[in-house]
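The values are calculated or read from the model by the stated rules, or taken from the named source; none is laboratory data. Being a predicted model, the structure only gives us computed values, none of them experimental. Reconstructed Cβ throughout: ideal geometry from the backbone, glycine too, with neighbour counts over all protein chains shown.
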Ligand SMILES: [Zn+2]
């Protein structure tokens, strides 16, 4: 059995892994690096011989896990792509959106390789996308197999609690078990339920491939999501009372829907007043998918229809950038990292010079991204949000809140210690996060071999 990390570099970038077992080859995720462009954003697909894959598995539809799928499918024209139904719906929207982004980039600058794929290529590939329910065993063709059947290579999806449709994948081959966690959250969010991962009480876990995003971030003592929601609500009230409005830069997928559900809960209990909320076009489209699949997916509040009950205003079309910034409004706009040319970046420029306004961060932003730079700034710091933004002082309030869709390192350590994998492969984190997580687990599980896979180098498991 062999495992190869096909990411370009060791960070949270373009997730893509190759598992070879029982004479079969399975690709786990085909991401694109969110901070890179064109062919630079692709994982190392060229290390896998064209046409040699038996299947591709998608853990979820975030860009860093699905963003290069059409490029991978082009190289492997016979491989089925296996995912949950929610990932199928969301993934289609995400990939079409990234074609639009790539075409806009190509119009402005000469980036090699753009677009990496086309709308037509996505559409014609959809017939190879197979939706698979949670908690059933299936083979490489995506067909159901019974546990009693002698299947040389089977898989099973478990709810990962990260975003709608996210899964961990248990692979059984060569008499061994390999569990690829994907991105996981072991605690409840407002919509996503805590992960329901296998406990390995009836069969051992031979290999676990685990994400390390928050590996170097200790959980704050006494932290609860509830208390954090009330802290955010109190700060929004304070901004409203002084006549300001609030910008919340967030990812269109996952965080937008969690934020709308959070706002609804806070408003219902009287912690926030009813106020206009604005979301972007992609956020709205994905929110519609959350609503459409509410009763067909593993989630909290299946009766909450976000578009009807919370009724956000949608900013879209050619006038998107002319938006009026008025008091007592919330702008919940992507991108979360405030990349240039996105709504959150453009609207933020109307906020910086206004001390009554506030920009509140509720999720991850790479420290080098415009969002990361702004989040780490202090009042009066001079910053630029991108090449076409003349530097100016930050006069608005900046706040940071923790509503991560990734597991705390403490909950990862608990799960790993409970399930005692023979080998633990740590991925999806920068080197400091991976190193810190390995350092915590090593003394607790001295018999477990901890592997930090060098990109591009196959490991025999
Ligand atoms: Zn993710």
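With respect to the conditions (1) touching a helix residue (DSSP H, G or I) at 6+ places or on another chain (Cβ under 6 Å); (2) outside any loop (DSSP other than H, G, I, E, B), residue 363 lacks only one, and its number is (2).
Only one of the numbered conditions (1) touching a helix residue (DSSP H, G or I) at 6+ places or on another chain (Cβ under 6 Å); (2) in contact (Cβ under 8 Å) with a residue 24 or more places away in the chain is not met by residue 128, and that is (1). Taken together, 73, 1, 94 contain a single residue that is touching a residue at least 24 places away in the same chain (Cβ under 8 Å), over 19 Å from the mean Cα position of the chain (by Cα) and closer than 23 Å to residue 124 by Cβ, which is 73.
Residue check: residue 213 meets all listed conditions (1) assigned by TED's automatic domain parsing to the domain that holds residue 422; (2) surrounded by 12 or more Cβ atoms within 10 Å (Cβ to Cβ); (3) modelled with pLDDT of 95 or more but one, namely (3). Would you point out which residue out of 142, 161 is modelled with pLDDT of 95 or more, under 29 Å from the mean Cα position of the chain (by Cα), part of a loop (DSSP other than H, G, I, E, B) and surrounded by fewer than 20 Cβ atoms within 10 Å (Cβ to Cβ)? After ruling out the rest, the residue left standing is 142. Of the strands (runs of 3 or more DSSP E) entirely within segment 178-282, those holding at least 2 residues that are within 15 Å of residue 160 (Cα to Cα), in contact with a strand residue (DSSP E or B) (Cβ under 9 Å, 6 or more places away or on another chain) and within 16 Å of the ligand (Cβ to nearest atom) occupy 207-211. Confirm whether residue 123 is within 16 Å of residue 66 (Cβ to Cβ) and away from the ligand (no atom under 16 Å from the Cβ). When the stated conditions are applied, residue 123 passes them. Among the residues of segment 107-128, those identified as surrounded by 15 or more Cβ atoms within 10 Å (Cβ to Cβ) and not in a loop (DSSP other than H, G, I, E, B) are 121, 122, 125, 128.
Could you tell me which residue of segment 32-52 is nearest to the ligand (Cβ to nearest atom), considering only residues that are assigned to a loop (DSSP other than H, G, I, E, B) and buried (at least 24 other Cβ atoms within 10 Å of the Cβ)? Applying the filter and picking the extreme gives 32.
Among all positions in segment 82-89, there is at least one residue which is under 19 Å from residue 129 (Cβ atoms) and assigned to a loop (DSSP other than H, G, I, E, B).
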